[in-house]
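Below is one structure, written out as structure tokens; the observations come after it.
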Amino acid sequence: MKPDLFEAPDYYQLDDLLTEEHKLVRSATREWVKRDISPIIEEYAQKAEFPKEAIKGLAEIGAFGPYIPVEYGGAGLDQISYGLIMQEIERGDSGIRSTASVQSSLVMYPIFTYGTEEQRKKFLPKLASGEFMGCFGLTEPDHGSNPSGMVTNFKDQGDHYLLNGAKLWISNSPFADVAVVWAKNEEGRIHGLIIERGMEGFSTPETHNKWSLRASATGELIFDNVKVPKENLLPGKNGLGAPLGCLDSARYGIAWGAIGAAMDCYDTALRYAKERIQFGKPIAGFQLQQKKLAEMITEITKAQLLAFRLGQLKMDGRATTAQISMAKRNNVDMAIKIAREARQMLGGMGITGEYSIMRHMMNLESVITYEGTHDIHLLITGADITGIPAFK
Ligand code: TGC
Ligand code: FAD
């Protein structure tokens, strides 16, 4: 792969709106990605393997629980810093960002928000340091967009619960030490349970043959009469709103992350277009190529503004689920379109692993699907503005 010469576009001088802490957090993450991810990521994506050596670095830059308080091992940062970390990591690779998203928003967030003090103390510091890796089990083979139909269930056996069922498409499951799993009790109410590796009847087979997110490990969670200690139930919230609350946090991170992937594609295409000579001049001098580049920077700038304002709303406690949906949907769509255009600008070279664009493009096919598909997010906006849910 070519050396990482990334220069971040900031067409509307958004840096003026960032604090010194935001800039420090961003530059630490950017430097780590350049040093530790860019040189290795193509090889790991080609061999479809998660680079486990990235775990230590992710913990050190504060990517595991950026906004979790310091007393529980988190970085104690604000929501804009969290977004910037996700942006910079996804600039390197969506799969690495996925690992950080899952650990922070889908494992640490529910334990912090819905867990007991004992659960927080037991799990959060180890998750923040990367000693424990986590995964989040909501999706099932027959219930993806419609998680309320889930069939995974647990029964009260007096001194423990008995868990049965299966989850599919679970990021990090093949190597996770703990899984936050959503299952129905005997009354059909959804609860979160912390499942630990080693519990009898719990297995995590890996899903192979992915053309997307190849540097992220994806798998199943299978529960065959798993005895779960009662203290592993998350007591703070139940019902579908509990997992959906975690998704709000993860989707917010993805809205920022997708900007990173788009910036990398734009920056690569711009540099290539200025250097590549055809018909006696750089291809950047042709109007058709300029149209692509001009549209890319316009869309990136709009996405940056959307994410920044959403971050402000989130810090004020005013960001709604529908606002987060809009940003996730818009920014991932923006990124995938830019990746496709940028790929074409590199001609044949664009399909090789010498450049990051094709990898981003394929990764974004997962990002546009997980955490709510493109169409589900449109329906969330539709329901919000009309007051009429059209899901069913
Ligand atoms: P609906 O009737 O709308 O809501 C059920 C209950 O939940 C409440 N609620 C929320 N609460 C907190 N936060 C939110 N964001 C909430 N959204 C809704 C709601 O008020 C209601 O409460 P109550 O008390 O009345 O029961 O539910 P629905 O069944 O109609 O579904 C709505 C729909 C389709 C939008 C929802 O199910 C959905 O978002 N589906 C998409 C599924 C999804 O996103 N799955 C993601 C799986 S995790 C993943 O992909 C990780 S990828 C990891 C990586 O980054 O690698
Ligand atoms: P389906 O729900 O079957 O949807 C198929 C198509 O139908 C989609 O285009 C969808 O938009 C459309 N559709 C569905 N319902 C409607 C409707 N009402 N109206 C109009 N169109 C509709 N899940 C987890 O729980 N944890 C994870 O860590 C996780 N990681 C993932 C990693 C990867 C790489 C991938 C690909 C997925 C991951 N997922 C995870 C699962 C992901 O959230 C689901 O794939 C996603 O929610 C869609 O569910 P589905 O694949 O079952 O598609």
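Is it the case that segment 208-219 has a residue that's away from ligand 1 (no atom under 16 Å from the Cβ), within 24 Å of residue 377 (Cα to Cα) and crowded, with 24+ Cβ neighbours inside 10 Å?
No: zero hits.
Considering (1) surrounded by 20 or more Cβ atoms within 10 Å (Cβ to Cβ); (2) touching a Ser or Thr at 6+ places or on another chain (Cβ under 7 Å); (3) within 25 Å of residue 368 (Cβ to Cβ), say which one residue 259 fails and leave the rest.
(2)
Considering 365, 341, which residue is in a helix (DSSP H, G or I) and away from ligand 2 (no atom under 16 Å from the Cβ)?
Working: 365 fails: away from ligand 2 (no atom under 16 Å from the Cβ).
Matching residue, one of 365, 341: 341.
Please work out which one of (1) within 24 Å of residue 306 (Cβ to Cβ); (2) surrounded by 24 or more Cβ atoms within 10 Å (Cβ to Cβ) is the condition residue 79 fails and give its number.
(2)
If residue 243 satisfies every condition in (1) within 12 Å of ligand 1 (Cβ to nearest atom); (2) open to solvent by 10 Å² or more (accessible area, probe 1.4 Å); (3) touching a strand residue (DSSP E or B) at 6+ places or on another chain (Cβ under 6 Å); (4) under 25 Å from residue 97 (Cα atoms) but one, which is the exception?
Evaluating residue 243 over (1) within 12 Å of ligand 1 (Cβ to nearest atom); (2) open to solvent by 10 Å² or more (accessible area, probe 1.4 Å); (3) touching a strand residue (DSSP E or B) at 6+ places or on another chain (Cβ under 6 Å); (4) under 25 Å from residue 97 (Cα atoms) leaves (2) as the failure.
Whether any residue in segment 122-144 is small (Gly, Ala, Ser), near ligand 1 (Cβ under 10 Å from one of its atoms), in a loop (DSSP other than H, G, I, E, B) and surrounded by fewer than 16 Cβ atoms within 10 Å (Cβ to Cβ) is what I want to check. Working first, answer last.
In the first step, residues of segment 122-144 are kept if they are small (Gly, Ala, Ser); the result is 128-130, 134, 137, 144.
Those still in the list that are near ligand 1 (Cβ under 10 Å from one of its atoms) too: 137, 144.
Filter once more, keeping what is in a loop (DSSP other than H, G, I, E, B): 144.
Keeping just the survivors that are surrounded by fewer than 16 Cβ atoms within 10 Å (Cβ to Cβ) gives none.
Within segment 122-144, none of the residues are small (Gly, Ala, Ser), near ligand 1 (Cβ under 10 Å from one of its atoms), in a loop (DSSP other than H, G, I, E, B) and surrounded by fewer than 16 Cβ atoms within 10 Å (Cβ to Cβ).
Could you say whether any residue in segment 290-313 is aromatic (Phe, Trp, Tyr), within 16 Å of ligand 2 (Cβ to nearest atom), under 30 Å from residue 76 (Cα atoms) and out of contact with any Pro (no Cβ under 8 Å at 6 or more places or on another chain)?
First pass over segment 290-313, keeping only residues aromatic (Phe, Trp, Tyr): 308.
Applying the additional criterion that residues be within 16 Å of ligand 2 (Cβ to nearest atom) yields none.
There is no residue in segment 290-313 that is aromatic (Phe, Trp, Tyr), within 16 Å of ligand 2 (Cβ to nearest atom), under 30 Å from residue 76 (Cα atoms) and out of contact with any Pro (no Cβ under 8 Å at 6 or more places or on another chain).
For segment 152-194, which residues satisfy the criterion of being open to solvent by 10 Å² or more (accessible area, probe 1.4 Å), part of a loop (DSSP other than H, G, I, E, B) and either in contact with a Gly (Cβ under 6 Å, 6 or more places away or on another chain) or within 12 Å of ligand 2 (Cβ to nearest atom) (or both)?
Result: no residue meets the conditions.
Run down 261, 284, 294 and say which single residue is in contact (Cβ under 8 Å) with a residue 24 or more places away in the chain and either under 30 Å from residue 104 (Cα atoms) or assigned to a helix (DSSP H, G or I) (or both). Show your work before the answer.
On the way: 284 fails: in contact (Cβ under 8 Å) with a residue 24 or more places away in the chain; 294 fails: in contact (Cβ under 8 Å) with a residue 24 or more places away in the chain.
Of the residues listed, the single one that is in contact (Cβ under 8 Å) with a residue 24 or more places away in the chain and either under 30 Å from residue 104 (Cα atoms) or assigned to a helix (DSSP H, G or I) (or both) is 261.
For segment 208-241, enumerate the residues that are touching a helix residue (DSSP H, G or I) at 6+ places or on another chain (Cβ under 6 Å) and away from ligand 2 (no atom under 12 Å from the Cβ).
234, 236, 237, 240
The values are calculated or read from the model by the stated rules, or taken from the named source; none is laboratory data. Computed from a prediction, not measured in an experiment: that's the story for all the values here. As a convention, Cβ positions derive from the backbone with ideal geometry for all residues, glycine included, and neighbour counts pool all protein chains shown. Only protein heavy atoms, including side chains, enter the accessible area calculation; ligands, DNA and RNA are left aside. Shrake-Rupley method; radii C 1.70, N 1.55, O 1.52, S 1.80 Å.
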